[in-house]
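Participant: Here it is, the structure in full.
The values are calculated or read from the model by the stated rules, or taken from the named source; none is laboratory data. Computed from a predicted model, the values in this text were never measured in an experiment. Note that we place each Cβ from the backbone using ideal geometry, even for glycine, and neighbour counts take in every protein chain shown. When the accessible area is computed, the model is the full protein with side chains, heavy atoms only, and any ligands, DNA or RNA have been set aside. Shrake-Rupley method; radii C 1.70, N 1.55, O 1.52, S 1.80 Å.
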Amino acid sequence: MNSPPQTAAISVDELTKRYGRTTVVDRLSFTVREGAVTGFFGPNGAGKTTVLKTIVGLARPNGGRVAFRSGAVPSDARELGVHIEPCGAHPGRTARTHLRALAILAGLPRKRVDEVLETVGLEQAARRRVGTYSMGMRQRLGLATALLGDPEILVLDEPVNGLDPQAIRRLRTLLRERAARGRTTLLSSHMLSEAAQTVDDIVVIDKGRLVHTGTIAELEHSGLSVRTPEPERLSGLIAAAGGRAEPADGGGDALWVEGLPAGKVAELALRANIPLEEITSRTASLEDVFFDLTGGQDA
Ligand SMILES: Nc1ncnc2c1ncn2[C@@H]1O[C@H](COP(=O)(O)OP(=O)(O)OP(=O)(O)O)[C@@H](O)[C@H]1O
Ligand SMILES: [Mg+2]
């Protein structure tokens, strides 16, 4: 797949944030590609919210820099939309009045209010007071607020938290549609597998440090699960034929094989009289990849 020209919408350079004596973000550098959906992953407490807050100017870094393509943090709702909990709406106001007030302040047309309410599926509840909202409804309102200016750059902290499957699908469609229009999104999540269908690029942090950056396609490696009573002999043949074989995570006789098609592995086994008990194409689970990257912690 050819990558489009790499223009950074946001560059994070050696970012460091300390709370008291604790360093929660440690010389973190990464870029957010323009026109892409970037997923920012890490276990609980890894520093995701802190980094997002620092990027949008809600927290001050102790070191390093954040630069937007246009320079400093944009103040125009058409350039930057942000949703980091809490959503900030007055509990006594309705979603509609909250969004209307924001639209007026930002100089946006009134019709954007109805548009974003529809986008997040909040039309029915729009005239209810925010104080009576469920968690998912508040999340939808936060999203609607961030989307009000149809911003060039959207920054969302854990946007799928509390959303039902229908709302998650809606969000996924929305973010892909934004990317197709060249819009940039940075979203955090602790579920790599969940976000795989939505994101193009990933940045994984652990304990405030970068552990991986790349595309989701690079992580989604597929291979063969092969079971044989003679794993060592078959591994040798696979390696000699240019493939890679290693004992599978589950242990036992299973091998994880990459770099050779199933037919070739079957042929090698047949020629050497090695019995095959199973040969199945699989995609490595992103959950396993996440655990490998973040030292197997719960996330
Ligand atoms: N205002 C604060 N004062 C002191 N420590 C803080 C503050 N905010 C965050 N921390 C600490 O910074 C670290 C990173 O927290 P952060 O909320 O950024 O993690 P996270 O990756 O967003 O986690 P989660 O997945 O639970 O949302 C944690 O150890 C947290 O306790
Ligand atoms: Mg967080």
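Participant: I'm trying to understand the selection: among the residues of region 263-283, which are out of contact with any strand residue (DSSP E or B) (no Cβ under 7 Å at 6 or more places or on another chain) and more than 10 Å from Thr228 (Cβ to Cβ)?
Facilitator: Gly263, Lys264, Glu267, Leu268, Leu270, Arg271, Ala272, Asn273
Participant: Right, here's the next one. For His212, are the conditions met, namely being of a type outside the set (A, V, I, L, M, F, W, C), open to solvent by less than 50 Å² (accessible area, probe 1.4 Å), within 16 Å of ligand 2 (Cβ to nearest atom) and closer than 25 Å to Asn44 by Cβ?
Facilitator: Against the criterion (of a type outside the set (A, V, I, L, M, F, W, C), open to solvent by less than 50 Å² (accessible area, probe 1.4 Å), within 16 Å of ligand 2 (Cβ to nearest atom) and closer than 25 Å to Asn44 by Cβ), His212 does not qualify.
Participant: If you take the residues of region 19-39 that are near ligand 1 (Cβ under 9 Å from one of its atoms) and part of a strand (DSSP E or B), which of them is surrounded by the most Cβ atoms within 10 Å (Cβ to Cβ)?
Facilitator: Selected residue: Val25.
Participant: Give me the strands (runs of 3 or more DSSP E) completely within region 146-248, filtered to those with at least 1 residues that are under 16 Å from the mean Cα position of the chain (by Cα), within 24 Å of Val120 (Cα to Cα) and among the β-branched types (Val, Ile, Thr), ordered by residue number. So that I can check it myself, show each step before the final result.
Facilitator: Values: elements: 153-156, 184-189, 201-206, 209-215, 222-227, 244-247.
Ranges flagged: 153-156, 184-189.
Participant: Of the numbered conditions (1) out of contact with any Leu (no Cβ under 8 Å at 6 or more places or on another chain); (2) open to solvent by less than 60 Å² (accessible area, probe 1.4 Å); (3) not small (Gly, Ala, Ser), Pro275 fails exactly one; give the number of that condition.
Facilitator: (2)
Participant: Confirm whether Ile55 is open to solvent by less than 40 Å² (accessible area, probe 1.4 Å) and either outside any loop (DSSP other than H, G, I, E, B) or within 15 Å of ligand 1 (Cβ to nearest atom) (or both).
Facilitator: Working: open to solvent by less than 40 Å² (accessible area, probe 1.4 Å): yes; either outside any loop (DSSP other than H, G, I, E, B) or within 15 Å of ligand 1 (Cβ to nearest atom) (or both): yes.
It is true that Ile55 is open to solvent by less than 40 Å² (accessible area, probe 1.4 Å) and either outside any loop (DSSP other than H, G, I, E, B) or within 15 Å of ligand 1 (Cβ to nearest atom) (or both).
Participant: Just give me the residues in region 1-18 being at pLDDT below 95 and either charged (D, E, K, R) or farther than 15 Å from Phe68 by Cα (or both), in sequence order.
Facilitator: Step one: of region 1-18, the residues at pLDDT below 95 are 1-8.
Scanning region 1-18 gives Met1, Asn2, Ser3, Pro4, Pro5.
Participant: If a residue has to be of a type outside the set (Asp, Glu) and over 19 Å from Arg169 (Cβ atoms) to count, how many in region 139-159 make the cut?
Facilitator: Result for region 139-159: 6.
Participant: In region 40-49, how many residues are near ligand 1 (Cβ under 8 Å from one of its atoms), buried (at least 22 other Cβ atoms within 10 Å of the Cβ) and either modelled with pLDDT under 95 or over 12 Å from Leu187 (Cα atoms) (or both)?
Facilitator: Of the residues in region 40-49, 3 are near ligand 1 (Cβ under 8 Å from one of its atoms), buried (at least 22 other Cβ atoms within 10 Å of the Cβ) and either modelled with pLDDT under 95 or over 12 Å from Leu187 (Cα atoms) (or both).
Participant: Could you list, in sequence order, all residues of region 71-103 that are buried (at least 17 other Cβ atoms within 10 Å of the Cβ), over 18 Å from Glu34 (Cα atoms) and under 24 Å from the mean Cα position of the chain (by Cα)?
Facilitator: His83, Ile84, Cys87
Participant: Filter region 185-204 for residues that are of a type in the set (Ser, Thr, Tyr), away from ligand 1 (no atom under 12 Å from the Cβ) and surrounded by 22 or more Cβ atoms within 10 Å (Cβ to Cβ) and give the result.
Facilitator: Thr185, Thr198
Participant: Restricting to region 58-73, what's the tally of residues that are away from ligand 2 (no atom under 13 Å from the Cβ), part of a loop (DSSP other than H, G, I, E, B), farther than 13 Å from Ser29 by Cβ and free of Cβ contacts under 8 Å to residues at least 60 places away in the same chain? Can you show your working first?
Facilitator: Just the residues of region 58-73 that are away from ligand 2 (no atom under 13 Å from the Cβ), to begin with: 60-73.
Then drop every residue that is not part of a loop (DSSP other than H, G, I, E, B), which leaves 60-62, 69-70, 72-73.
Now narrow it down to the ones that are farther than 13 Å from Ser29 by Cβ: 60, 62, 69-70, 72-73.
Subsequent filtering for residues that are free of Cβ contacts under 8 Å to residues at least 60 places away in the same chain retains 60, 62, 70, 72-73.
Number satisfying all stated conditions: 5.
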